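> The structure is given below, and queries will be raised subsequently.
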Amino acid sequence: MLDFIRRNSDSAAVKIILGVLSLTFVFFFGSSALFGDRTEVWAEVNGEPIRDVEVTQVVRNRVRQQQQFNPDLGDEDIARIRQQVLDQMIEERLMLQAARDEGIVISDKEVRRAIMENPSFQDDEGKFDAELYRKIMKRNNAQSYERDVRESLLVQSVTDFIRRSARVSEAEVKDAFVEEASKREVDFIRVPTSLFKDEVVVSDEDATAWAVDHDAEITDRYDRDYDTKYNLPKKVRARHILMKYDEDAGDEDKAEVRGQMEAVLAEAKAEGADFEALAKKYSEDGSASRGGDLGLFDDKRMVKPFTEAAFSMEVGQVSDLVETQYGLHIIKVEEIQEAEEKQLADVKLEIAKELMKDERAPELAKAHAESLLPVLNGVVTGEEADALLAEKSLTIQSSGEFSRKDRRIPKLGVSKDALSAAFALATVGDVTAEAVDLGTGYAIIKLTASTDADLAAFEEKKEEIRGRLLRTKQVRAVTAWRDQIKADARIKIAGGV
């Protein structure tokens, strides 16, 4: 089947479906004789096989395409591409089977018309060139290509049938208009949960008891954070002085910079030298204001010559001149953190405490947010209000105008609960009765402006809205249909694939 179907079965443009991608697909697949009994079955879809050669031909093409943008594709990348291709081919096969089950038939005339409309076989005036078609097919397999065209038309026909089943009622159109045209503005105070984690006190005894019934959660958190917290690479903290080369610097200019840096190097290596002061004085890097401090870094952060020098040095040592594409560096190592791997058993109690804090901090955040309701509704004002907000460095923020269609409150973010709460406030000045859960914290919300939909404008807008709703419903209908036929199918994947 054509590669386009794998990527986007919802398109209604037959000419695109039968365009250049369809021809390219056939070129890579070649003769149907490739799919003989000697090939290996990688999957079965309702008893119909998908063979290794079918998958590997497409994978080879996909890998070649992606290597144009990422020449360093690894084995994991290729394995991922192979899995994606197999999943797509299974879906294709299901769609073809469904089309045939519905009794859809594509005539030879439809196939011929589709081929004649393919720009790959047309002359400069857009007319079908039979000689060009025969010439191309001499190098390929016309029967295989025409079969692929027929299959693409089958899939298109059945997806078009599913799309035509979608309907949009007048009530849905009106509700969508009201949703888009009704506007709100709010003030809010956001209280992040993270502000309260350190306020949760968990004893070793409590954490040990809690861990007994939460072993799986602890293991999951350890696995999640393994690379960032528990399998730590060697890190170096260093300062550096950089003198840059001009982009068009020649050998003479570079030699001049080297001479200047050799003088700085002599100062840096002198007994009692203040490297931080030298970096502030001489370095042309953005870190100069910090005395050249680069902080802690692992061996993947810096360019190779810099990394090799820094990771070969001892604490307090000053390097010789190190050349990179940025210019010449002098490096001083100030701290070394050796690589460390922490085992689950060693950090189990630590993780249990962290999870317990994650569990309990939201309660504190919600309570604190609700304690600020008098500030937002104006009962508490002036210095007293400022003091309550300053306790956690919070502010009252204004959203600006938004509608339900926006799916988010500006500055507050995406939150269905917050959006519903804002539109549930009936009168300007109303404040939510309790804090609204944002997922990462809580917010209290005050309605500051409200604009209702002007129904007089409904007639002018309704057809545009109907079209948009219909397109959305059509996409959802096709997606639901594909999910259903996949759920009902008998799919077998060969072991090791």
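> Name the long-range amide H neighbours of Ile491: under 5 Å, sequence gap of 5 or more, or other chain; modelled H, no Pro or chain starts.
Asn46
> Which far-off residues, 5 or more places away or on another chain, put their amide H under 5 Å from the one on Asp285, with H placed in the peptide plane?
Excluding prolines and chain starts, which carry no amide H, the hits are Leu242.
> Ok, one more. Quote the charge dipole size of the chain about the Cα centre in Debye, to the nearest 20; the model charges only the Cβ of Lys and Arg (+1) and of Asp and Glu (-1). Don't jump to the answer; show the numbers that get you there.
Values: 73 positive and 99 negative charges, 553 e Å.
It works out to roughly 2660 debye.
> Another one. Provide the net charge surrounding Tyr133, with neighbours chosen by a C-beta distance below 13 Å and charges set as Lys +1, Arg +1, Asp -1, Glu -1.
Working: positive: Arg112, Lys127, Arg134, Lys135, Lys138, Arg139; negative: Glu117, Asp123, Asp129, Glu131, Glu146.
Overall, the nearby charge balance is +1.
> In sequence order, what are the phi-derived ³J(HN,Hα) couplings for segment 302-315 according to the Karplus relation 6.51 cos²θ - 1.76 cosθ + 1.60 with θ = phi - 60°, rounded to whole Hz, with x for glycine and proline?
With coefficients 6.51, -1.76 and 1.60, one gets 9, 5, 4, x, 5, 4, 4, 5, 4, 7, 9, 9, 9, 4 Hz.
> Here's another thing I want to ask about it. When you take every Cα atom in segment 300-367, what is the radius of gyration, and what is Dmax, the widest Cα pair distance, in Å?
Cα only, segment 300-367: 20.9, 58 Å (Rg, Dmax).
> Name the residues whose placed amide hydrogens come within less than 5 Å of the amide hydrogen of Gly327, ignoring near sequence neighbours (fewer than 5 apart) on the same chain.
For Gly327, whose amide H was placed from the backbone, the distant partners under 5 Å are Tyr245.
> Among Thr479, Ala457, Ala494, whose Cα projects farthest towards the positive end of the dipole of segment 419-497, with charges put on the beta-carbon of Lys, Arg (+1) and Asp, Glu (-1)?
Toward the positive end, the furthest listed residue is Ala494.
> Related question: Report the accessible area of Trp42, computed with a 1.4 Å probe over the heavy atoms of all protein chains in place, in Å² rounded to the nearest 10.
Rounded to the nearest 10, the figure is 40 Å².
> Counting only protein chains, not ligands or nucleic acids, how are Met95, Met116 ordered by accessible area (probe 1.4 Å), most first?
Met116, Met95
> Follow-up. Please calculate how many Å² of accessible area segment 318-411 carries per residue, with a 1.4 Å probe and no DNA, RNA or ligand atoms counted.
Normalised by residue count, the accessible surface of segment 318-411 is 55 Å².
> Report the Rg/Rh value for the chain, based on alpha-carbon coordinates and the Kirkwood definition of Rh.
On the way: Rg = 33.0 Å, Rh = 30.5 Å.
Radius of gyration over Kirkwood radius for the chain works out to 1.08.
> Something else about it: Could you compute the net charge surrounding Thr56? Neighbours are other residues with a C-beta less than 12 Å from the C-beta of Thr56; K and R count +1, D and E count -1.
Around Thr56, the charge tally is +1.
> Which Cα, out of Ser287, Ala209, Val257, lies furthest along the positive dipole direction of segment 153-311 (beta carbon charges, K/R +1, D/E -1)?
After comparing all options, I get Val257.
> If we count every other residue with Cβ under 10 angstrom of Arg150's Cβ, Lys/Arg +1 and Asp/Glu -1, where does the sum land?
Details: positive: Arg147; negative: Asp108, Glu110, Glu146, Asp148, Glu151.
After counting each charged neighbour, the total is -4.
> Check the straight Cα-Cα distances from Lys348 and name the lysines below 24 Å, setting aside those fewer than 8 residues away within the same chain.
Lys197, Lys229, Lys234, Lys357
> Can you tell which of Ile162, Ala79, Tyr133 lies farthest toward the positive end of the dipole of segment 75-202, using +1 and -1 charges on the Cβ of basic and acidic side chains (Lys, Arg; Asp, Glu)?
Going by the Cα projections, it comes out as Tyr133.
> Roughly how compact is segment 233-309, stated as its Cα Rg over 2.2 N^0.38 Å to two decimals?
Here the answer is 1.19, to two decimals.
The values are calculated or read from the model by the stated rules, or taken from the named source; none is laboratory data. Keep in mind the model is a prediction, meaning the values are calculated, not measured. Virtual Cβ from ideal backbone geometry, glycine too; neighbours counted across all protein chains shown. Side chains are part of the model used for accessible areas, which takes the heavy atoms of the whole protein and leaves out ligands, DNA and RNA. Shrake-Rupley method; radii C 1.70, N 1.55, O 1.52, S 1.80 Å.
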